[in-house]
Amino acid sequence: MARPVRFNIKGDVKLVTEGPEGYAGEGFFATTLDKLVGMGRKNSMWPLPFATSCCGIEFMATMASHYDFARFGSERVGFSPRQCDILMVMGTIAKKMGPVVKEVYLQMAEPRWVMAVGACASSGGIFDTYSVLQGIDQIIPVDVYVPGCPPRPEAIIDGFMKVQELVGKESLRRRNSDRYKELMNSYGIQ
Amino acid sequence: MEITNEYIQQRLTEKFGDQVTGFEEPYGMLTFEAPKELNLKVLQFLYDDEVLKFRFLTDLCAVHYPEQPGRELAVVYHLHNLENNVRVRFKVFAPIAAPDVFSATALFSAANWMERETYDFFGVNFVGHPNLKRILNVDEMDYFPLRKEYPLEDQTRIDKDDEMFGRG
Amino acid sequence: MQEQQHIKLPEGSIGKQTTTLNLGPTHPATHGVMQNILELDGERVVSTEQTIGYIHRAFEKLAERRPLFQITPITDRLNYCSSPINNMGWHITCEKLLGVKTPKRVDYLRVIIMELARIADHLICNSIVGVDSGAFTGFLYVMQYRELIYEIYEEVCGSRLTTNIGRIGGFERNFSNAAFEKIQKFLDEYPAVLKEFENLFTRNRIFMERTIGSGGISAERALNYGFTGPNLRAAGVDYDVRVHSPYSSYEDFEFDVPVGSTGDNYDRFLVRNAEMWQSLRIIEQAFRRVQEFKGAEADVYHADAPAYYLPDKKDVYTKMEALIYHFKIIMGETEIPKGEVYQSVEGANGELGYYLISDGGRTPFRLHFRRPCFIYYQAYPELIKGSMLADAVITMSSLNLIAGELDA
């Protein structure tokens, strides 16, 4: 969802927010269900910040007023897996912590997305050691990886916007499809 | 009175004779060693003495010297006299076959987790420790990772190619 | 219901049952990953058992693989809220081992960066104590100024949080004018912010009632547990590594060491606030002294140690000695003396020590970090025994436990 540049532009600026395609008329707007559901879901994703280390501090900076994560709909960060849509794993996951991440992922209700923030969550980062899990995709399926050590708040927001794109375009039947079931089985998740 | 390294050395040799050896001063800090059976006696002496007063345990760690048979594991205590601002380093050596060292937990509560960490990394068995189990690694781990013979990387990982890192 | 009051129950027939609560590795308010299993009698804590190691990244083993200058990035990740202090401490340790003497200007610039890092860390700690007691505003308000500190780091080294700032012998580049302007802006604007933050919390009746009297520890127990830093100073002992064993020219600066009395949560909060004022004082003095260097001296940003500090690139391309030094440093052929050294710096949480044993090779033989958080977290059961669950949470956040430093 690209928004045109607002600053350093002379002349009029029209802020264009793209809504879903549909048929508009006097007092009504008709579109397909999945576009509407997608738009609703993507603009109100509640994250579960699974912050373990340094990337967690950058997430705190993203949530604070300077970079303001709340404008993307994540006003309420929750810590209860049942109430959250997106699991943001930020920081190194050690092998001791792996089962905890898997438990939290299993407790989340569908539809759920996972964002691996930082180099450690994506692939182990600089810690190629015996005690660090080399990327959380060894244990749970990941939707978006945000590289960086730690990624700048703008990068975290960019990753979040990519997740929003995925959410907006997702088909309503995806979670019941065979391909999704195969993916879950490859991780041993029912 | 000024507590100099010579004074500490003199007091220690008076009390323990030739059992305390290896007096050195790398970068200004007096370093000495004693047999592992005497570690608590030396620590207690340094704690109780009214002039020496080494009542703060700054650090407790171990070092693995694979090249010294019979003395492979060294447990290193860093002590600090806060009032006179003097530091001292005290080492005990233990063979790797029987790495038993008396625990200093009764004297310094700070030694509790430091000894657990040393056990976790090197396998030094602290006799008399209230709760000697692994602290930082997973409980199921069956080897002591910081010993020199074990590699850094997890050998079972498949996504990283050791050839590319120059250690194939 | 009336009848039950007249029944005399035999001894021990209805036992009191305690609840076991898992304040688990993932808990809100992002303190980091540590697990406390609490035994609760109603709301009061009877006992607790801790499990750490959920972010054990094997720094000490990793350090045995890397040459000295490559270890700086992993020291960043120890106490990641104030990573410049870890970096500088490591460089000072290496300089002690290698016998490199840094010029005064480098020392003063290092002091500025370290005190900024200390302010950043205390800001996080104090505002999170506020968040845990329900006051979110302080946190949001103060994060704005942490952003300014991040901008200053960016001007010097390019990154915000895990800075890898400096080199053995000094800095990688001279501070630019923009960096000095930002430091000046910080010195101008921050005191008003800190005053406002204090107004929100220090005499706030609710905050005082939450924090006074809970999580206290006596000075003798704190010393026995190996406490250092603001937690020890709140208990009444004025041990500060900057005063006891000054490093990086701290003896040239005038500052006080704030000390508390009971060691409870309120004292720790006040000690950290007071330390931030002292840090500001130190930064002002250091900044003034740096401005006093004129001419050629104002361009000095590293020690004259060609064996350990990479020479300028244009010299590498034109002069033979510079090329040789460059090659030797990168390929690890420089002379590293054999020996063992212990150096400590005053981190934001206490005495951060580095015990480095070198066998003359390219990489250390053994590197051990004396991590303050790891040592004082042992005292947590004693601190919360008998207090309420809510106080246990605030005690944990006022101890400023950073998971990276806990597990290393």
The summed charge of the A:Leu36 Cβ neighbourhood (under 12 Å; Lys/Arg +1, Asp/Glu -1) stands at +1
Quote the relative contact order of chain B in percent (integer), defining contacts as alpha-carbon pairs under 8 Å separated by 6+ residues.
16
Note to self: C-alpha centroids of region B:89-162 and region B:28-64 sit apart, in Å, by 20
For region A:42-163, what is the relative contact order in percent, using Cα pairs closer than 8 Å and at least 6 residues apart in sequence?
27
So, R0 is 25 Å and r is the distance between the beta-carbons of B:Thr21 and B:Ala97; what FRET efficiency does that work out to, to 0.05?
0.70
Averaged over C:343-350, how many beta carbons belonging to a partner chain fall within 10 Å of each residue's beta carbon?
1
Along the charge dipole of region C:62-131, pointing to its positive end and built from +1/-1 on Cβ of Lys, Arg, Asp and Glu, which listed residue (C:Leu109, C:Ile128, C:Leu78) has its Cα farthest out?
C:Leu109
Springs between alpha-carbon atoms under 10 Å, Gaussian network over chain A: tell me which of A:Val89, A:Val37, A:Val144 tops the mean-square fluctuations.
A:Val37
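Can you give the average number of partner chain beta-carbon atoms within 10 Å of each beta-carbon in peptide C:373-385, as a whole number?
Other-chain Cβ atoms within 10 Å of each residue's Cβ, averaged: 2.
Over chain C, what is the relative contact order in percent, taking alpha-carbon pairs closer than 8 angstrom and at least six residues apart?
Relative contact order for chain C comes out at 25 percent.
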Which loop chymotrypsin sites (Phe, Trp or Tyr not before Pro) in region B:103-168, with loop taken from DSSP, have no more than 16 other Cβ atoms within 10 angstrom of their Cβ?
B:Tyr143
Between B:Gln44 and A:Lys169, the two model label points (7 Å from Cα along the beta-carbon direction) sit apart by a distance in nm of 7.4
In straight Cα distance, which lysines are under 22 Å from A:Lys95, not counting same-chain residues fewer than 8 positions off?
B:Lys133, B:Lys148, B:Lys160, C:Lys61
Peptide B:59-71 - average C-beta neighbours from other chains (10 Å radius):
3
How big is the charge dipole of the protein assembly as shown about its Cα centre, in debye rounded to the nearest 20, if each Lys and Arg gets +1 on its Cβ and each Asp and Glu gets -1 on its Cβ?
1340
Among C:Cys94, C:Asn177, C:Leu280 the positive-end extreme of the charge dipole of region C:58-407 (Cβ point charges)
C:Cys94
Identify, among C:Gln35, C:Val300, B:Tyr77, the residue whose Cα sits farthest towards the positive end of the charge dipole of the protein assembly as shown, taking +1 on the Cβ of Lys and Arg and -1 on the Cβ of Asp and Glu, with the dipole about the Cα centre.
C:Gln35
Run the reach check for C:Lys319 against lysines, Cα to Cα strictly under 23 Å, same-chain hits fewer than 8 apart removed. What comes back?
C:Lys328
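Please compute the volume of the convex hull spanned by the alpha-carbon atoms of the protein assembly as shown and report it per residue in Å³.
Expressed per residue, the convex hull around the Cα atoms of the protein assembly as shown is 241 Å³.
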Protection proxy (average C-beta count within 10 Å per residue), highest first, orders A:166-175, A:57-66 as A:57-66, A:166-175
Counting Lys +1, Arg +1, Asp -1, Glu -1, what net charge surrounds B:Tyr7 among other residues with beta carbon under 12 Å of its beta carbon?
-3
Net lengthening on full extension, C:Leu140/C:Phe293 (0.36 nm per residue, minus Cα-Cα)
51.3 nm
By Cβ neighbour count within 10 Å, fewest first, B:Met114, C:Met388, C:Met34 rank C:Met388, C:Met34, B:Met114
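Within 10 Å of each residue's Cβ, count the other Cβ atoms and sort C:Ile55, C:Ile149 from fewest upward.
In order of increasing Cβ crowding within 10 Å: C:Ile149, C:Ile55.
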For region A:86-110 versus region C:148-198, the gap between their alpha-carbon centres in whole angstrom
35
If you take the beta carbon distance between A:Asp158 and A:Ala109 as r and set R0 to 45 Å, what does 1/(1 + (r/R0)^6) give as a FRET efficiency, to the nearest 0.05?
0.95
What is the antiparallel percent of DSSP beta bridges lying wholly in the protein assembly as shown, to the nearest 5?
70
Helical contribution to [θ] at 222 nm, DSSP H n ≥ 4, -39,500 (n - 2.57), averaged over chain B, rounded to 500:
-6000 deg cm²/dmol
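Add +1 for every Lys or Arg and -1 for every Asp or Glu among the other residues with Cβ under 11 Å from the Cβ of A:Gln134, and state the total.
-2
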Residue-span extension gain [A:Lys102 to A:Glu21] - 0.36 nm each, minus C-alpha spacing:
25.4 nm
If the reach is capped at under 24 angstrom between alpha carbons, list the lysines near C:Lys182, excluding any in the same chain fewer than eight residues apart.
C:Lys104, C:Lys195, C:Lys294
For A:Gln83 and B:Asp142, what does the FRET efficiency come to when R0 = 45 Å and r is the distance between their Cβ atoms, rounded to the nearest 0.05?
0.65
For region C:161-276, what value does the Rg/Rh ratio take when both radii are computed over Cα atoms and Rh is the Kirkwood radius, given to two decimals?
1.05
Checking A:Gly19, A:Gly98, A:Gly159 against a Gaussian network model of chain A (alpha-carbon springs below 10 Å), the top fluctuating residue turns out to be A:Gly19
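With charges only on Cβ, +1 for K and R and -1 for D and E, what is the dipole size of chain C about its Cα centre, in debye, rounded to 20? Working shown, then result.
Numbers: 43 positive and 53 negative charges, 137 e Å.
Charge dipole, chain C, about its Cα centre: 660 debye, nearest 20.
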Can you put A:Ser186, C:Ser159, A:Ser131 in order of Cβ neighbours within 10 angstrom, beginning with the fewest?
A:Ser186, C:Ser159, A:Ser131
Most mobile of A:Pro153, A:Pro111, A:Pro141 in a GNM of chain A (Cα contacts under 10 Å):
A:Pro111
How much length, in nm to one decimal, is gained on full extension between C:Leu200 and C:Glu172, taken as 0.36 nm per residue of separation minus their Cα-Cα distance?
6.1 nm
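No lab work stands behind these numbers, since they all come straight from the coordinates. From a predicted model like this one, the values you see are computed outputs, not experimental measurements. As a convention, Cβ positions derive from the backbone with ideal geometry for all residues, glycine included, and neighbour counts pool all protein chains shown.
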